[in-house]
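Have a look at the structure below, then the notes.
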Amino acid sequence: MIIALLDWRMKPQDAIALPNLVAHGDNYSADPFPTAITTGLAAKRMALQTSKGEESGLQAIVRGSNGYEGGADPRREGIARGF
């Protein structure tokens, strides 16, 4: 999410909504990724399991030239609003 915000200059909501990959030791759970990505990772012996629902989520408020803009993880409850 940080790379998407800073390097790719995405809006907070769009960056937070990107697919999420969580590492649990040698096990990986993920939101649905495009087939090309899951196939490439499987070729490197990194098989993804469907996310079991993590207890955490992302929120962000970013200050821009026109004020503040917020974003909240669509996989969780809650909202973030800018002003």
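Most simply put, segment 2-72 has about 75% antiparallel DSSP beta bridges, counting only bridges with both residues inside it. With the simple model of a label 7 Å out from the Cα in the direction of the Cβ, Arg76 to Ile3 spans 2.1 nm.
Could you identify which residue out of Ile61, Ile37, Ile16 has the top mean-square fluctuation in a GNM of the chain using Cα springs shorter than 10 Å? Of the options given, Ile37 has the highest mean-square fluctuation. In this rough spin-label picture, where each label sits 7 Å from Cα along the Cβ direction, the Phe33-Arg63 distance is 3.5 nm. The residue among Gly67, Val22, Ile79 whose Cα reaches farthest toward the positive pole of the charge dipole of the chain, with charges on the beta-carbon of Lys, Arg, Asp and Glu, is Gly67. For the chain, the spherically averaged projection of the C-alpha convex hull amounts to 6.3 nm².
Every number in this text was worked out from the coordinates using simple rules, so none of it is lab data. Computed from a prediction, not measured in an experiment: that's the story for all the values here. Every residue, glycine as well, gets a Cβ built from its backbone with ideal geometry; the counts of neighbours run over all protein chains shown.
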